[in-house]
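The block underneath contains the structure these notes are about, expressed in structure tokens.
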Number of protein chains: 2
Amino acid sequence: MSLKHAVLGMLAIQPMSGYTLKKAIDESVGHFWTADQSQVYRTLAGLVDDGLASRRTVVQDERPNLHLHSITDEGLAELDRWLASPLRTPPAREPFLARLFFADRMAPEAIRDLFRNRRREVGEALAALEAVTVPEHAEDTGTLLRLATLDYGIAQARTELAWLDATEQRIGKKRIHEKHTDEHRPEAP
Amino acid sequence: MSLKHAVLGMLAIQPMSGYTLKKAIDESVGHFWTADQSQVYRTLAGLVDDGLASRRTVVQDERPNLHLHSITDEGLAELDRWLASPLRTPPAREPFLARLFFADRMAPEAIRDLFRNRRREVGEALAALEAVTVPEHAEDTGTLLRLATLDYGIAQARTELAWLDATEQRIGKKRIHEKHTDEHRPEAP
DNA sequence: CAGCATTATTGGACTATGCATATATAGGTG
DNA sequence: CACCTATATATGCATAGTCCAATAATGCTG
């Protein structure tokens, strides 16, 4: 459960309800960590059970009541323990690369589509990251670090776009060459 | 279960035993997809159950017997179905960024360690990717695509190393500045 | 007023995966 | 001989996470 620690981190910034938390996650850490809505509530419940967060019901007139969660001292301690713990990197899971790896079974147009869709997706992600308005003068370390995670996403997205172009061009060239040398053979299905 | 499809893809290249498959995965798709040994065997069992692969026991004198798995026609059909299916990208999980995002609670030396360790890890991964010997003249599309997945890893690793340097420098500068302006204040614990 | 969107929470089923452990054979090394 | 490594397969347990659906109140819009 690493979402647990991400949630602790968020609650350390300010108390939240499950609903608010879900939105906050989507908007801040969303580009490198996501959480299913049901998972968010489950995690909060777990934190309360473990005494790492406290819950307070806030009665609202205009909307359904909400449970406001605050981090406890124990929670802060656990957060710091996590921050000090060795960071183990789980191996990357890249379904796109997995697909590409076996894509020679696909028709040429399908491969083109694969690239096109990926380019669109990464482009959109990049645009979203670049659209985030950043404070003029970042002062505290926290803000600097959070901006850095944005930069990370932007840099990686740009790298991938460049790689997409280079790769597709290389594959494309290959196919033209193939067409030349294989003109006498029947069209592959 | 996407390992299922990765395994199908591997079996489409050549029949394998669980043991061989595990090693093949580590050596080929390992940099963007990994599989626990137990998971490999479970997945193979599942494929056989579903008729997507067939198993044949090979008796060996010098070593324990092995179960050689081959992909069936149904398996090839499923593989192609998967290749044609829409690719849904699960959101990235980047524990390192998650850590960094909340790292302002950490001591400066701990942040330095975080960067140092990450730099080492990424550097090692990059070295491993660059060490892969590639065929002189890649001819078929399959080889080109597989080399492309290597290039992807290399490009992303290099980008990350550059980002690590830039980011740490920025944080470092900030800290020097802080030291200047905060000289009169007591050392933070 | 019917239907939809937003706010807010919860439960059940399922899956993928990891970790630990067990078993068996054979070869090499101290 | 004890121990380690490589080959080879398998099971049990735990858990993080997703998907789907239900519930409930309110406000907006056609």
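The values are calculated or read from the model by the stated rules, or taken from the named source; none is laboratory data. Everything quoted here is computed from the prediction, not taken from an experiment. Glycine also receives a Cβ, built like all others from the backbone with ideal geometry; neighbour counts cover every protein chain displayed. Heavy atoms of the whole protein, side chains included, go into the accessibility calculation; ligands, DNA and RNA do not. Shrake-Rupley method; radii C 1.70, N 1.55, O 1.52, S 1.80 Å.
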For segment A:72-100, pairs from a residue that is at the interface with chain B (Cβ under 7 Å from one of its Cβ atoms) and under 21 Å from A:VAL7 (Cβ atoms) to a residue that is open to solvent by less than 70 Å² (accessible area, probe 1.4 Å) and part of a loop (DSSP other than H, G, I, E, B), with Cβ under 6 Å and 6 or more apart or across chains, are A:LEU83/B:MET106
When every residue in segment B:6-27 that is among the aliphatic types (A, V, I, L, M) and within 8 Å of another protein chain (Cβ to nearest Cβ) is compared, the one farthest from DNA strand C (Cβ to nearest atom) is B:ALA12
Residue check, B:VAL48 against (1) part of a helix (DSSP H, G or I); (2) within 12 Å of DNA strand D (Cβ to nearest atom); (3) in contact with an Asp or Glu (Cβ under 8 Å, 6 or more places away or on another chain), all met but one. Which one? (3)
Of the conditions (1) surrounded by 20 or more Cβ atoms within 10 Å (Cβ to Cβ); (2) out of contact with any Asp or Glu (no Cβ under 9 Å at 6 or more places or on another chain), A:LEU8 fails just one. Which one is it? (2)
Can you confirm whether segment B:119-142 contains a residue that is open to solvent by 20 Å² or more (accessible area, probe 1.4 Å), part of a helix (DSSP H, G or I), closer than 18 Å to B:GLY172 by Cα and touching a Leu at 6+ places or on another chain (Cβ under 8 Å)? yes
Here's a check for you: in segment A:62-105, which residue that is within 16 Å of DNA strand C (Cβ to nearest atom) and among the hydroxyl-bearing types (Ser, Thr, Tyr) is most open to solvent (accessible area, probe 1.4 Å)? A:THR89
Filtered residues of segment A:13-27 (kept if touching a Leu at 6+ places or on another chain (Cβ under 9 Å) and open to solvent by 40 Å² or more (accessible area, probe 1.4 Å)): A:PRO15, A:TYR19, A:THR20
Residues of segment A:28-61 satisfying the condition of being buried (at least 16 other Cβ atoms within 10 Å of the Cβ), within 13 Å of DNA strand C (Cβ to nearest atom) and in contact (Cβ under 8 Å) with a residue 24 or more places away in the chain: A:ALA35, A:VAL40, A:THR43, A:LEU44, A:LEU47, A:ALA53
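Go through segment A:3-27 and give me each residue that's within 11 Å of DNA strand D (Cβ to nearest atom) and touching a residue at least 24 places away in the same chain (Cβ under 8 Å). Step through it out loud before you land on a result.
Residues of segment A:3-27 that are within 11 Å of DNA strand D (Cβ to nearest atom), as a first pass: A:3-7, A:19, A:22, A:25.
Passing the criteria: A:LEU3, A:LYS4, A:HIS5, A:ALA6, A:VAL7, A:TYR19.
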Every listed condition ((1) within 14 Å of chain B (Cβ to nearest Cβ); (2) among the polar types (S, T, N, Q); (3) more than 22 Å from the chain's Cα centre (by Cα)) holds for A:THR34 save (3)
Reported set for segment A:143-171 where residues are of a type in the set (Lys, Arg) and surrounded by fewer than 17 Cβ atoms within 10 Å (Cβ to Cβ) is A:ARG158, A:ARG170
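So which residues in segment B:106-118 are surrounded by 12 or more Cβ atoms within 10 Å (Cβ to Cβ) and either over 17 Å from the mean Cα position of the chain (by Cα) or not assigned by TED's automatic domain parsing to the domain that holds B:GLN156 (or both)? Walk me through how you get there before you give the answer.
From segment B:106-118, those surrounded by 12 or more Cβ atoms within 10 Å (Cβ to Cβ) are B:106-108, B:110-118; that's our starting set.
If the condition is that a residue be surrounded by 12 or more Cβ atoms within 10 Å (Cβ to Cβ) and either over 17 Å from the mean Cα position of the chain (by Cα) or not assigned by TED's automatic domain parsing to the domain that holds B:GLN156 (or both), then B:MET106, B:ALA107, B:PRO108, B:ALA110, B:ILE111, B:ARG112, B:ASP113, B:LEU114, B:PHE115, B:ARG116, B:ASN117 are the ones that fit.
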